[in-house]
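Everything on this sheet refers to the single structure shown next.
Laboratory data are not the source of any read-out in this text; all were calculated from the coordinates shown. Treat the numbers as computed from the prediction; the structure is a model and nothing was measured. Ideal geometry is used to build each Cβ from the backbone, glycine not excepted, and the neighbour counts take in all protein chains shown.
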Amino acid sequence: MASIVLKDLVKNYGKVEVLHKVTGQFEDGEFIVIVGPSGCGKSTLLRMVAGLETVSGGEIYIGDKLVNDLEPADRDIAMVFQNYALYPHMSVRENMAYGLKIRKLSKVEINKRVDEAADILEIKDYLDRKPRQLSGGQRQRVAMGRAIVRDPQVFLFDEPLSNLDAKLRVQMRLEIRKLQRRLGVTSIYVTHDQVEAMTLGDRLMVLNGGYVEQFGTPIDLYDRPASVFVAGFIGSPAMNFLKAKTIGGNVELSNGTRLKTNTKLDLDLTLGIRPEHLVADPNGVIELETEMFEQLGATTLVHGRLAGSGEQLVASMPGHVAQEPGSIMKFGANADALHMFDAASGKRLEQ
Amino acid sequence: MLKRVHFQSSILPYLLVAPQIVITLVFFIWPASQAVYQSFLIEDAFGLSTEFVWFENFEYLFGDELYLDSFLRTLFFSAAVAFMSMSFALILAGFADRVVRGATTYRTLLIWPYAVAPVLAGALWVFMFNPTLGIFPYFLGFLGYDWNHYLNGNQAMLLVIMAAAWKQVAYNFLFYLAAMQAIPRSIIEAGAIDGARPLRRFWTLIFPLVSPTTFFLLVINAVYAFFDTFGIIHAVTQGGPANSTTILVYKVFNDGFVGLDLGGSAAQSVILMFLVIVMTFIQFRYIENKVEY
């Protein structure tokens with residue numbers, strides 16, 4: 001068990017800097033999810049912690065130890081890879097025992113640990129099979145088994161669920177969470193899937209273009225996104241963004257509609273409203289010209305445009321809603337459901 | 001369902017394959033059948049009379065101690081060549097696989113020896129190891145070692161093995177490198193995270209994972225050592241001293257064109273042909289299917 005500290009971490013490939021001074025402190029036993037779009041540097045960051053990529057600048061501590069120049073073997077970590085990276089020529093048992101044999105544990109101890117891990121992950125029946133005789137979900141379990149038998153200080157997960165089908169992904173997601181709680185091992189989990197990130201992480205680090213956009217609990221990120229990027233990335237369906245400006249404590253949208261707030265700001269801004277915070281209201285001031293209705297069963301997504309401006313707007317309504325496309329629907333929104341961002345920088349503005 | 005392409009019973013397809021068939025017939029089938037026919041004949045040294053003797057040539061060969069010696073020598077020679085060239089290639093490929101900068105240059109240079117004709121390769125080694133002119137005997141002299149492969153049969157054998165192995169390293173290297181680069185990077189990384197150092201990763205992960213290539217190369221190298229090393233032996237030792245480097249292919253040439261025993265020589269080449277067929281069979285039957293690990 002150990003905490004992890006990243007201090008001004010930088011990664012260059014030649015002259016291109018892909019990670020810019022990433023800083024963060026991960027507490028002992030915490031489940032940290034690093035989330036961001038493809039190419040944001042999240043896997044690179046994880047691989048730097050693992051020791052598979054060199055560090056171009058800054059420091060990484062695992063426990064109290066500076067690990068910048070340590071081999072992966074000396075960092076006491078275990079990693080689950082996206083493609084599982086099982087050793088194809090070894091049986092499941094040998095796969096799990098490989099790291100233990102290198103540590104020169106006794107045969108009895110190795111067998112005990114492998115059997116224990118196999119018990120936890122319910123892969124006892126496959127111990128003598130080769131990886132190619134297993135299904136995707138079973139391979140996933142073996143990869144996790146290989147990580148937990150080592151009893152490391154840190155687990156690293158590199159998009160471990162992205163090769164599984166949707167149903168299995170949800171199931172494995174829960175199992176990973178339970179397992180991590182049970183073992184209490186500090187974990188870093190990389191994903192591009194915001195639902196996975198929200199459900200798994202104690203805290204989320206949102207990366208975009210090599211910068212940390214925000215680092216906080218899932219609910220923090222949902223309630224108070226620090227930037228337009230985080231606001232659009234966290235939450236499904238994505239937040240609506242409307243051009244707006246402040247006039248005397250109120251916010252005026254591009255079609256002239258005014259929303260009451262208590263803001264003291266005076267500038268151009270981007271107004272964010274989550275689809276689920278748009279409440280159908282006959283007296284509502286936000287008029288939506290409908291284009292399409294997506295029926296999801298429990299909810300209906302109303303796609304359309306802000307009347308009179310053409311800006312895209314989505315509202316999420318409970319139950320079944322169906323009207324003629326082109327009709328106008330009226331919505332209201334609570335003042336505290338309005339997120340204000342600087343129009344130029346995209347940073348969050350406090351009211 | 002595959003659609004069947006239909007040529008309306010024209011002679012076009014036959015015309016298209018004809019060149020290949022003609023080449024095969026003229027350069028492979030006809031000489032091979034001639035060799036088989038000739039192996040049943042005994043001819044006098046001047047070619048004035050021939051006699052059809054059925055298997056007498058073969059009977060003679062299997063009773064001939066010189067031939068059996070040569071057979072064993074060939075086995076030793078090809079095992080040594082295969083082992084040496086494959087292990088060197090494996091080591092080089094292991095390093096090349098890790099090279100980050102200048103990898104292409106490194107690879108290109110390593111492939112060059114394969115392009116050198118066997119006789120020239122032999123000539124190079126002859127110069128390097130010439131007892132009076134060569135650079136290596138000169139250095140060995142300092143160590144108090146007397147190198148003269150014209151007199152010492154073991155040294156001669158070592159020299160042809162080195163020359164033959166050196167030429168084949170490039171070929172083996174290419175296959176090993178390709179095999180290593182086909183191993184997913186993450187498997188090696190998983191090994192590193194599991195605590196295995198580079199050498200251990202090589203023996204426990206990379207080496208077993210390239211084993212299909214090893215089997216394949218084993219056959220290829222055996223065939224090479226059996227049949228393609230004539231040029232090297234001819235240039236370096238001419239089978240000497242005292243037949244100590246006369247492997248089977250060289251003996252075919254020596255008995256046939258120097259000793260003028262055409263029937264016996266033909267019988268030897270028929271035996272060699274049989275060996276090639278066996279090895280090719282092994283390769284196709286067992287190794288092509290043995291991609292499993």
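Observations on the structure shown:
- Computed from label points 7 Å out along Cα-Cβ, the spacing between A:Ser38 and B:Leu140 is 6.0 nm.
- Once the Cα atoms are used to define both axes, helix A:92-102 deviates from the longest principal axis of chain A by about 70 degrees.
- FRET efficiency estimate (nearest 0.05) - Cβ-Cβ, A:Glu27 to A:Lys178, R0 30 angstrom: 0.95
- Label-to-label distance for A:Ala344 and A:Leu265 is 1.3 nm, based on points extended 7 Å past Cα in the beta-carbon direction.
- The protein assembly as shown: Cα Rg divided by the 2.2 N^0.38 Å rule of thumb: 1.44
- Counted residue by residue at 0.36 nm each, then reduced by the alpha carbon distance between them, the extension gain from B:Leu25 to B:Leu151 reaches 41.0 nm.
- Net charge in the neighbourhood of A:Leu46 (other residues with Cβ under 12 Å of its Cβ; Lys, Arg +1, Asp, Glu -1) is -1.
- Net charge of neighbours whose Cβ lies under 13 Å from the Cβ of A:His303, counting Lys and Arg as +1 and Asp and Glu as -1: -3
- The charge dipole of chain A, taken about its Cα centre with unit charges on the Cβ of Lys, Arg, Asp and Glu (plus for the first two, minus for the last two), comes to roughly 1040 debye.
- The longest part of chain B holding none of the exposed loop GluC sites (Glu not before Pro), meaning those outside H, G, I, E and B in DSSP with at most 12 other Cβ atoms within 10 Å, is B:1-287.
- Largest mean-square fluctuation among B:Ser265, B:Ser33, B:Ser49, in a Gaussian network model of chain B whose springs join Cα atoms under 10 Å apart, belongs to B:Ser49.
- Helix runs (DSSP H) in chain B reaching 20 Å along axis by Cα, Kyte-Doolittle at least -0.5: B:65-96, B:153-181, B:211-227, B:262-282
- Extension gain (nm, one decimal) between A:Asp281 and A:Lys245, 0.36 nm per residue minus Cα-Cα: 10.6 nm
- Residue with peak Gaussian network fluctuation, chain B [Cα springs, cutoff 10 Å], from B:Leu15, B:Leu92, B:Leu72: B:Leu15
- Radius, Kirkwood style, for segment B:61-148 when every pair of distinct Cα atoms is counted (Å): 16.5 Å
- The magnitude of the dipole of chain B, with charges of +1 and -1 set on the Cβ of Lys/Arg and Asp/Glu and taken from the Cα centre, is near 1760 debye.
- With Cα atoms, 0 to 90° folded angle of helix A:107-121 axis to chain A main axis: 30 degrees
- Applying the criteria of a DSSP loop state and at most 13 other Cβ atoms within 10 Å to the trypsin sites (Lys or Arg not before Pro) of segment A:1-92 yields A:Lys15.
- Net charge over other residues, Cβ less than 13 angstrom from the Cβ of A:Leu288 (K, R count +1; D, E count -1): -3
- Largest first and in whole Å, the equivalent-ellipsoid semi-axes of chain B read 38, 32, 17, each the square root of five times a Cα gyration tensor eigenvalue.
- Within chain B, longest stretch free of exposed trypsin sites (Lys or Arg not before Pro) [DSSP loop, at most 13 other beta carbons within 10 Å]: B:102-289
- Each label point was placed 7 Å from the Cα along the Cα-to-Cβ direction; for A:Lys15 and B:Leu109 their separation is 2.9 nm.
- Value of Rg/Rh across chain A [Cα atoms, Kirkwood radius]: 1.07
- When the trypsin sites (Lys or Arg not before Pro) in segment A:125-179 are filtered for DSSP coil states and for at most 16 other beta-carbon atoms within 10 Å of their beta-carbon, the remaining sites are A:Arg129.
- Cross-link pairs exceeding 19 Å between alpha carbons, from the set A:Lys65/A:Lys178; A:Lys7/A:Lys42; A:Lys245/A:Lys347; A:Lys65/A:Lys112; A:Lys264/A:Lys347: A:Lys65/A:Lys178; A:Lys65/A:Lys112.
- Segment A:85-137: GluC sites (Glu not before Pro) in DSSP loop, at most 15 other beta carbons within 10 Å: A:Glu122
- Mean-position separation - Cα centroids, segment A:169-187 and segment B:52-93, in angstrom: 62 Å
- Mean per-residue shielding of peptide A:78-88 is 5, counting Cβ atoms of other chains within 10 Å of each Cβ.
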